[in-house]
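Chemist: A single structure is presented below for examination.
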Amino acid sequence: MSERDEPPLTSVRAFEAVARLGGATAAARELGVSPSAVSHQLALLDDFMRQPLTRRQGRGLILTDAGREYFRSVRTAFAVLRGATDQLREGSRSTQVRLGVIPLFARAWLFRNMQEFLDQNPSIDLNVSYTHHRNYVSDSADLSVRFGDGNWKGYEAHRILSGAMAAFCGPAYLALHPDAATDPKLLQNYALIHDQDRAGWQQWWGMHRAEGEPPNGLLVEDGNLALQATLEGLGIALLRPSLVDVFAREGRLLRLFDPVLEDGRDYYLCYLVEQPLSEAEGRLVRWIVDRCRHSPQALS
């Protein structure tokens, strides 16, 4: 094999850190270099591969399709390397687990239940970060909670919570607009909150055969913002009972109608098929799956 056939290892290391940590700044901090040095190494790797592995999105970096494919293999190789190093240096397997989560899942479920897992597993160091809800461009965690149809290439996906939607508002909003709870077809008269796009309320209109079109209303980026806007009394939102019923039990939300709207998406716990779970990762997977199954927010 010629020298040109071997990838520049410094560049590969920089790429792996960027993909795992979700950006050049975090990668530079871990590697002890400047962000510009990381960017330089990424450019060298792109040149070697004759195609871009990352691209700019806003102020950050995301992986291209080729970058995601390459990271799957590179990630496994680096994980094996780190594991072997930990075993030799410390005489035991690493117990650090990285979990990527959707903000709403972390807020409504994970952190409300996490103390149980920490108490049962004091030796596990858990690192929780964001999972990008739109396209999951970076596999930055060992395990990730994702929202969708469960089909992500190269991943094992365990369905853990239902994604069905129902209409909710806050007590103060309903006190001002009591008729909002009388008939789904009357919701066109009230402020609606839209999560990510306006498709949810469009489907709701169709399910209830309501006349006209749902009012545009406030549009927010994700379910976490939709929940907060609803708690603040800004209107009525389609929220997912599997996560927000806990706020209803606390009296902070009111569910207006019983029927739920299914859009084919649910919450999944995911990990790479080709990379065996460590003992610590396996414990967390089993705990999340079991805890979701036996919680009040279990699958419908």
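Nothing in this text is a laboratory measurement; each read-out follows from the coordinates by a stated rule. In this text the structure is predicted, and so the values were computed from the model without any measurement. Glycine gets a Cβ as well: all are built from the backbone with ideal geometry, and neighbour counts include every protein chain shown.
Chemist: Using alpha-carbon pairs under 8 Å, 6+ residues apart, how would you state the relative contact order of the chain in percent?
Modeler: After rounding, I find 20 percent.
Chemist: Averaged over every viewing direction, what's the projected area of the C-alpha convex hull for segment 6-80? Give it in nm², one decimal, please. Each step should come with its number before you reach the end.
Modeler: Values: hull surface 18.3 nm².
Mean shadow area of the hull around the Cα atoms is 4.6 nm².
Chemist: Also, I was wondering about something else. For the chain, take the longest principal axis of its alpha carbons; what is the angle in degrees between that and the long axis of helix 279-293, to the nearest 10 within 0 to 90?
Modeler: Orientation of helix 279-293: about 10 degrees from the principal axis.
Chemist: What is the set of long-range amide H partners of I193 at a cut-off below 5 Å, with H atoms built 1.01 Å from backbone N?
Modeler: Those qualifying (amide H under 5 Å, at least 5 residues apart or on another chain) are I236, A237, L238.
Chemist: To continue, here is another question. Can you tell me what the convex hull of the Cα atoms of segment 155-240 projects to on average, as an area in nm²? Mind dumping the intermediate values first?
Modeler: Details: hull surface 25.4 nm².
Mean projected area of the Cα convex hull: 6.3 nm².
Chemist: Identify which of D149, D258, D222 has the largest mean-square fluctuation in a Gaussian network model of the chain, with springs joining Cα atoms closer than 10 Å.
Modeler: Its mean-square fluctuation being the largest, the pick is D258.
Chemist: Which is the longest part of the chain that has none of the GluC sites (Glu not before Pro) sitting in a DSSP loop with at most 10 other Cβ atoms within 10 Å?
Modeler: Longest run free of exposed loop sites: 1-210.
Chemist: Considering only the chain, what is the antiparallel percent among its DSSP beta bridges, to the nearest 5?
Modeler: Here the share of antiparallel DSSP bridges comes out near 60 percent.
Chemist: For the chain, set up a GNM with springs between Cα atoms under 10 Å and report which of L21, L99, L143 has the largest fluctuation.
Modeler: Sorting by GNM fluctuation, first place goes to L21.
Chemist: Further, regarding this structure: Can you list which of the trypsin sites (Lys or Arg not before Pro) found in segment 206-300 are DSSP loop residues with at most 11 other C-beta atoms within 10 Å?
Modeler: Working: sites: R209, R249, R252, R255, R265, R283, R286, R291, R293; in loops: R209, R252, R265.
The qualifying sites are R209.
Chemist: Take the Cα atoms of the chain, build their convex hull, and give its volume per residue in Å³. Display every interim value, and only then the final one.
Modeler: Details: hull volume 45.7 nm³, N = 300.
Here the figure is 152 Å³ per residue.
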